[in-house]
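Below you'll find the structure, written out as structure tokens, and then a few comments.
The numbers here are math on the coordinates, done by the rules we state, and not lab data. None of the values given here were measured: they were computed from a predicted structure. Every residue, glycine among them, receives a Cβ derived from its backbone with ideal geometry; neighbour counts consider all protein chains shown.
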Amino acid sequence: MDLYRRQGGTAAATVREMFTRLEQGDDVAASVLDLTARRVAVAVATLQSLLDLELIVFGGSIGVRPELYERVLRILPGLFSRPIPIAPSRLGDRAGLIGAAWAAGHALRENCASTP
């Protein structure tokens, strides 16, 4: 949000508001998202160079947004010589909640199994 404001964007208080402004044709929001996508694409290419991953999953309420994900997809071919497998999370912005519920269930099962 700081970058959005520094580039002259109106007083959007949240990233969600910035995406709303993007949908309304805000050029500053588009510019900030383009820069963010470039940075994410560089990070993805770096991870792939170091780890040779089978799949990189974009999650959370921002990572699964098509506005970001599709920009990253367009940038990656210019950064890496072969395709990098990326996909938005099928869980969307619920991944953290579902992961926490799974971890709690696992801890409960472990705790119950060790209790006589």
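List of remarks:
- Straightening the chain between Ser49 and Cys112 buys 18.4 nm, computed as 0.36 nm per residue apart minus the Cα-Cα spacing.
- Residues whose amide H falls under 5 Å from that of Phe58, counting only those 5 or more places apart or on a different chain, are Ala87, Ser89, with hydrogens built in the peptide plane.
- The distance from the alpha carbon centre of the range 5-50 to that of the range 53-77 is 13 Å, rounded to a whole number.
- Highest average first, the peptides 14-26, 73-85 ordered by how many other beta carbon atoms sit within 10 Å of their residues are 14-26, 73-85.
- Total formal charge among the other residues, if their Cβ is under 13 angstrom from that of Ala101, Lys/Arg +1 and Asp/Glu -1: +2
- Calculated SAXS-style log₁₀ I(q)/I(0) at q = 0.10, 0.16, 0.17, 0.24 Å⁻¹ - the range 2-114, Debye, Cα scatterers: -0.41, -0.83, -0.89, -1.25
- DSSP H segments from the chain that extend 20 Å or more along their own axis, Cα-based, with Kyte-Doolittle mean of -0.5 or above: 27-51, 95-114
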